[in-house]
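The values are calculated or read from the model by the stated rules, or taken from the named source; none is laboratory data. Here the structure is a predicted model, which is why all the values come from computation and not from measurement. Cβ atoms come from the backbone with ideal geometry, glycine included; neighbour counts cover every protein chain shown. These accessible areas exclude ligands, DNA and RNA; they are computed on the full protein's heavy atoms, side chains included. Shrake-Rupley method; radii C 1.70, N 1.55, O 1.52, S 1.80 Å.
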Amino acid sequence: MATTQISSERLDAITSTILQPTAANGVQGRTAVFEDVIAGLTRLISRYRPPGAEVLRFPPVMSRALLEKSGYLKSFPHLLGCVSALTGTEAAIRSLVEGRADGQQWCDGLAATDLVLTPAACYQVYPIVAARGDVARSGTLVDVESYCFRRETSSELGRMQAFRMREYVCIGAPETALTFRERWKPRAEEIATQLGLPFTLQPASDPFFGRAGKLMAANQVEQALKFELLVPVNSEEAPTACMSFNYHQDHFGTTWGLRTDGAVAHTACAAFGLDRLTIALFATHGLELFAWPQSVREALSL
Ligand code: AMP
Ligand code: ZN
């Protein structure tokens, strides 16, 4: 689909009016009109819910032990946020927060708790399904949503530290998981078309940590494990990933002891960045909802 560069005035208005910036980089307030679009996207994506999928919604924090076991620290330690809290006696805490502890800031008294900030919605799902025993032959499907956190350092529009991720997750035999992921490609294109968004669907890789991460990313592309639906927002050259479709092979199956039909289960997920899709819609169609194409408003039931 042909596109034209989105004006900087429009992008600035999304950054400072449709979203409300705060003192923290990548942490924004959502306005009513922004939330109206999120609700529309939620309705639209729900119409694509795989039959039989179980619905699970999570708060933005998860167990640190489960996150450690999932292998996140090997791949993305630089993006993780951990919840820490003040511990100790009342006197010790008071002197820290009142600035009376010798040369210590209050932050120096923080200790990690049993919680981390959830980095991806589907991480919560695998241990829950694993605890139920073997996965049925037909596979297990989950519709999950969570606010997620990633310690992003860039301040470009759409790269947030806290954002909502909706996912459909499939756990089953290798061909079940892979077929699920493949079926999502044309559906993603259909959704983007209904939303009137210019897009490309491309092989992609995760932002793995460090030098070894470069090799992991290259492998991921070579094995076609991840695809992203990209929409031009900030520029045509570096479009924004608004949806992603991942085949994890046996990574989570082995980690969590997920089994089906006597073998390790494979997993796949289709992830929708709700805030990014909303930003892409405002960037593409403008700031006034009433001026959006009728077909787009209908798709969102707005
Ligand atoms: P990923 O697990 O990186 O594939 O992320 C899943 C989806 O979440 C992506 O397709 C994006 O739409 C969205 N997403 C990822 N990182 C961010 C971020 N920093 N800010 C907003 N949305 C994000
Ligand atoms: Zn996922």
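Filter segment 263-280 down to residues that are more than 14 Å from the chain's Cα centre (by Cα) and surrounded by fewer than 24 Cβ atoms within 10 Å (Cβ to Cβ) and give me whichever is nearest to Arg10 (Cα to Cα). Among those that are more than 14 Å from the chain's Cα centre (by Cα) and surrounded by fewer than 24 Cβ atoms within 10 Å (Cβ to Cβ), it is Val264.
Restricting attention to segment 115-151, the residues that are assigned to a loop (DSSP other than H, G, I, E, B), in contact (Cβ under 8 Å) with a residue 24 or more places away in the chain and open to solvent by 30 Å² or more (accessible area, probe 1.4 Å) add up to 6.
Confirm whether Ser63 is without any contact (Cβ under 8 Å) to a residue 12 or more places away in the chain and open to solvent by less than 70 Å² (accessible area, probe 1.4 Å). Give the derivation first.
Values: without any contact (Cβ under 8 Å) to a residue 12 or more places away in the chain: no; open to solvent by less than 70 Å² (accessible area, probe 1.4 Å): yes.
Spelling it out, it is not the case that Ser63 is without any contact (Cβ under 8 Å) to a residue 12 or more places away in the chain and open to solvent by less than 70 Å² (accessible area, probe 1.4 Å).
For segment 66-82, the criterion of being in contact with a strand residue (DSSP E or B) (Cβ under 7 Å, 6 or more places away or on another chain) and open to solvent by 50 Å² or more (accessible area, probe 1.4 Å) is satisfied by at least one residue. Contact map, segment 169-183: residues that are touching a residue at least 12 places away in the same chain (Cβ under 8 Å) paired with residues that are in a helix (DSSP H, G or I) and surrounded by fewer than 24 Cβ atoms within 10 Å (Cβ to Cβ), Cβ distance under 6 Å, separation 6+ or inter-chain. Pairs shown: Ile171/Val129. Note on segment 204-262: residues that are more than 26 Å from Leu11 (Cα to Cα), away from ligand 2 (no atom under 16 Å from the Cβ) and surrounded by fewer than 22 Cβ atoms within 10 Å (Cβ to Cβ) total 20.
The residues of segment 287-301 that are polar (S, T, N, Q) and either open to solvent by less than 30 Å² (accessible area, probe 1.4 Å) or more than 26 Å from the chain's Cα centre (by Cα) (or both), listed by number, are Gln294, Ser295. In the set (1) at negative phi; (2) within 12 Å of ligand 1 (Cβ to nearest atom), the condition left unmet by Glu190 is number (2). Could you tell me whether Val97 is β-branched (Val, Ile, Thr) and open to solvent by less than 40 Å² (accessible area, probe 1.4 Å)? No, not satisfied.
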